[in-house]
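None of the figures in this text is laboratory data; all of them are computed from the coordinates on show. Just so we're clear, the structure is a prediction, and the values are computed from it rather than from any experiment. Note: ideal-geometry Cβ built from the backbone for every residue, glycine included; neighbour counts use all protein chains shown.
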Amino acid sequence: MGSVRIKRANPLTILLGTSLVVFIVYFLFVPSSSSASRPAPPSPFHKTSTGVRASPPPVVRYDMNSVTVTKDPEQNKEKILILTPMARFYQGYWDNLLQLNYPHELITLGFILPKNKEGNAATAALQAEVAKTQKGPIDSRFKEVIILRQDFEPPLTSQDESERHKLNNQKERRAAMSKARNSLIFTTLGPMTSWVLWLDADIVETPPTLIQDLASHDQPVIVPNCFQRYTNSETNQDEERPYDFNSWQDSQSARDLAAKMGPDDILLEGYAEMPTYRALMAYMVEENKGMHHEVPLDGVGGTALMVKADVHRDGAMFPPFSFYHLMETEGFCKMARRLTWTCTGLPNYKVYHYNE
Ligand code: GDP
Ligand code: MN
């Protein structure tokens, strides 16, 4: 074993070391020739096209304590965000939207459309109607309109009702729907939003007072009953039938089914293969109890769904994965409930889905 020896450095080593340090320092602090010749990245505050340097905007303060969420939103000038995932454009949807008599100047519209052929056609049709309305009579114009395009492929090529409702297609489809809804809410929810009204693109008939009526219940999450008008082929009579089965009260059978499932499996409503025996709001109509009769719910549908913005702000979203064996709007209700909010249904208050 040799002892440790301190070697005297020779002048050549010192010279080499010094030049290495100078070399490193040079490359650390001197911009490379390529980036030096590149123009500075555009800054929103330094608009040079006019030669004038714009100053950064002042800090904007939102006093969120003054953003009320009350049973009389019109009186309190509360801002409503109406959100619609839209795969197809229906004129009936737009016409119904225009007849909502909540002050349009307090309404922001948000849409998300898939990036495929059908989505392109729907976007064009939607934009044409938006342009018409926003140039039309001042009272019809909305405060703001935001149109998003989805940055992921929709899983189904066909939007036909039979294809959409096949059991095997449900998990993928509802995951895609959840992501579309999440993108929409996370992009559009503003500091001044009081309420969010989810309204599907194929809801073609609601009372004009939909927003005021739902808000008047002062519930964190509230859902009307979604029906569909049709002509009975035997009697040739105009009739109506329940459409949305996602608003329900839980059952022991459903809990037992869930207990036997794998962690990624989901329960679905309205499929014979999966008898849940949940109490469906679709079948709770009791006209004698009046339009405003309330029932508590464990799952909600999203065809028309009114949510206090604070529920979303707390983090309630649409799980694109199995959340307590639930997804999308049903998972949303579960998540809202885990956040200690409640979900309420109005079985006698009807809105109508387009009949394909
Ligand atoms: P169903 O009535 O329960 O069968 O569901 P829909 O197919 O009507 O879908 C619910 C809402 O989401 C409707 O407003 C559709 O236009 C819209 N939608 C359906 N699929 C997609 C999609 O892939 N992307 C987006 N952005 N919206 C979709
Ligand atoms: Mn629909």
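Kirkwood radius, region 233-323, all distinct C-alpha pairs, inverse of mean reciprocal distance: 15.8 Å. Bridge orientation summary for the chain: considering DSSP beta bridges with both residues in this region, about 45 percent are antiparallel.
Cross-link partners of K334 among lysines, defined as those whose alpha carbon lies under 16 angstrom from its own and excluding same-chain residues fewer than eight positions apart: K308. Springs between Cα atoms under 10 Å define the GNM used for the chain, and in it the highest mean-square fluctuation of R53, R164, R313 occurs at R53. Across region 341-353, coupling constants 3J(HN,Hα) worked out from phi with the 6.51/-1.76/1.60 Karplus curve, θ = phi - 60°, read 8, 10, 10, 10, x, 10, x, 8, 9, 9, 10, 10, 8 Hz, and Gly and Pro carry x.
Ranked from largest, the principal axis spans of the Cα set of region 77-224 equal 44, 35, 29 Å.
Each Cα pair under 8 Å and six or more residues apart adds its separation to the average, and for the chain the resulting relative contact order is 19 percent. Fraction of C-alpha pairs exceeding 21 angstrom in region 270-356: 37 percent, rounded to a whole number. If you wrap the tightest convex hull around every Cα atom of region 60-157 and split its volume per residue, you get 143 Å³. Averaging Cα coordinates gives a centre for region 67-98 and one for region 220-256; these two points are 22 Å apart. With the simple model of a label 7 Å out from the Cα in the direction of the Cβ, I146 to S162 spans 3.9 nm.
The H on the amide N of T342, modeled in the peptide plane, is under 5 Å from the matching H of V221, each at least 5 residues off or on a different chain. Close amide H partners of I146, meaning residues 5 or more places away or on another chain with modelled amide H under 5 Å apart, are L109, G110, F111. Would you mind telling me which residue in S253, S233, S162 has the biggest mean-square fluctuation in a Gaussian network model of the chain, where springs connect alpha carbons within a distance under 10 angstrom? Among S253, S233, S162, the largest mean-square fluctuation in the Gaussian network model of the chain belongs to S233. Each principal axis of the Cα cloud of region 153-230 was evaluated for its coordinate range; sorted largest first, these ranges are 39, 36, 17 Å. Diffusion coefficient (Stokes-Einstein, Kirkwood radius over C-alpha pairs, 4 °C, 1.567 mPa s) for the chain: 54 µm²/s, rounded to a whole number. Between Q228 and R241, Y243, H353, the built amide H atoms are under 5 Å apart, and every one of these is 5 or more places off in sequence or on another chain. Taking the chain as a Gaussian network of alpha-carbon nodes connected by springs under 10 Å, the highest mean-square fluctuation of the residues M261, M291, M86 belongs to M261.
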